[in-house]
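The structure under discussion appears below in the form of structure tokens.
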Amino acid sequence: MHQSVRDGLEEYLADTGSLSEEFKAHLKACRECAEELRGLRRQALLVRALRPAEAAEPAPGFYARVVERIERRVRPSIWAALLEPSFGRRVAMASAALALAVSAYIVSTEPFRVTPPLANALAIQTLTRQDTPATVAQDRDVVLASLASFQEN
Amino acid sequence: MDMAGVLPFPITGARPQAKTRVDHRNSEEAALVRRVQDRDELAFREIVERYQAKVFSIIFGILRNHNDAEDIAQQVFAKIYFSIGNFDFRSSLLTWIYKITVNECYDYLRKKRVRKLVYESDFSEEDALRMENSDTATDQHAPVDTVLAQRDLILKLLDKLSEEDRVLMLLKEVEGHSVEELSRMTRMNENTIKVKLFRARQKLLKAAQRLNRTGQPVA
């Protein structure tokens, strides 16, 4: 597009009627500029189609709804608060401290009882078993047989 | 103002170049903004009541849906409330609000992928040709689906522009502001506005032509 047409383009598209003589003369002589101007005018008309066809107003109480939306953003939900890093860190530390305190309490108040099942079984066996010469000999035989059959890999 | 990359745009028209610069810091509007920045709720309410119809109209013009317009308008004012501390008075309050509103609309369109919006993959060469050659934008009797398709296409093409160019184009064509008014609103000089608009128009035209030629997505 030539400069003289470019200079008057906005006035031409706005239909202000204030086009320079130079602009008009050039448009008559230059087919290329005239063609481009037609395309730009069509385009401008298309953009103007975005003008609302009817008066558009929000329903009554719009300000109250805006304030409500702002307040929702200002006062986030409890879940959002939990996700906040500083608050989450504090909750984690408090939980750890509580767990430690509960563990310490349980350990300190539990009576001392070492009665594991295996120890109980051995104690019962020891108490109930009566060694006789026959059982002693039998045990010795079992041990000797184990030693004789032992093979080093 | 950053003039880097902006070509000089000599004015040869009859109208002299306007040199007016509006100081957006010392207006009544600026005082209102400062009150909101100081968390004066009454001042915020005044801004909402002053601009709610405008914001609603902009959104409705783009989306044509009352429910969506209500929701996005609420979102716009919530955003204004939370970001007004960053308002630097370089443009008018209306321009700033307009920019937020258009951005919210485009965010919404991108996120929701509104079915009615015609995307590249759905857009045939025939549709593009019809767009290129039709005058239905001004035809009151054009079929509703054609008008909707054209409106959706122009929304999509506008998405190819930078945020600033898109807002300028909408302020010029949809809101009907003159270059001189845009200059006052944005504190850019008229030459810069004209250059930006010209480039934006060329970009839109090329995108539409490319679509027409290939029927392929507009890059």
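Put simply, of A:R75, A:R51 the only residue that is surrounded by fewer than 18 Cβ atoms within 10 Å (Cβ to Cβ), within 10 Å of another protein chain (Cβ to nearest Cβ) and of a type outside the set (D, E) is A:R51. With respect to the conditions (1) over 16 Å from the mean Cα position of the chain (by Cα); (2) among the aliphatic types (A, V, I, L, M); (3) closer than 17 Å to B:G61 by Cβ; (4) modelled with pLDDT of 90 or more, B:V167 lacks only one, and its number is (1). Quickly run through the range B:157-180 and pick out the residues that are more than 11 Å from chain A (Cβ to nearest Cβ) and surrounded by fewer than 20 Cβ atoms within 10 Å (Cβ to Cβ). Within the range B:157-180, B:D159, B:K160, B:S162, B:E163, B:E164, B:D165 qualify. Evaluated against (1) crowded, with 21+ Cβ neighbours inside 10 Å; (2) touching a residue at least 24 places away in the same chain (Cβ under 8 Å); (3) facing another protein chain (nearest Cβ under 10 Å), B:V36 falls short on exactly one condition, (3). Based on this model, can you work out whether B:D68 counts as acidic (D, E) and crowded, with 16+ Cβ neighbours inside 10 Å? Yes: the conditions hold for B:D68. The combined condition, being modelled with pLDDT under 75, under 30 Å from B:A78 (Cα atoms) and within 27 Å of the chain's Cα centre (by Cα), is fulfilled by A:R75.
The residue list B:A30, B:A53, B:A43 contains one member that is under 21 Å from B:G85 (Cα atoms), at pLDDT 50 or above and within 14 Å of chain A (Cβ to nearest Cβ), which is B:A43.
Return a yes/no flag: does the range B:128-142 have any residue that is at pLDDT 85 or above and either out of contact with any helix residue (DSSP H, G or I) (no Cβ under 8 Å at 6 or more places or on another chain) or surrounded by fewer than 17 Cβ atoms within 10 Å (Cβ to Cβ) (or both). Within the range B:128-142, none of the residues are at pLDDT 85 or above and either out of contact with any helix residue (DSSP H, G or I) (no Cβ under 8 Å at 6 or more places or on another chain) or surrounded by fewer than 17 Cβ atoms within 10 Å (Cβ to Cβ) (or both). The single residue among A:R38, A:R42, A:R51, A:R69 that is in a loop (DSSP other than H, G, I, E, B) and modelled with pLDDT of 85 or more turns out to be A:R51.
The residues on offer are A:A44, A:A94, and the sole one that is out of contact with any Phe, Trp or Tyr (no Cβ under 8 Å at 6 or more places or on another chain), surrounded by fewer than 18 Cβ atoms within 10 Å (Cβ to Cβ) and small (G, A, S) is A:A94. Screening A:H2 on (1) in contact (Cβ under 8 Å) with a residue 12 or more places away in the chain; (2) within 11 Å of chain B (Cβ to nearest Cβ) shows it passes everything except condition (2).
Reported count of residues in the range A:9-34, each being away from chain B (no Cβ under 11 Å) and crowded, with 16+ Cβ neighbours inside 10 Å, is 3.
The values are calculated or read from the model by the stated rules, or taken from the named source; none is laboratory data. Note that the coordinates shown come from a computational prediction; the quantities given were computed from them, not determined experimentally. Cβ atoms come from the backbone with ideal geometry, glycine included; neighbour counts cover every protein chain shown.
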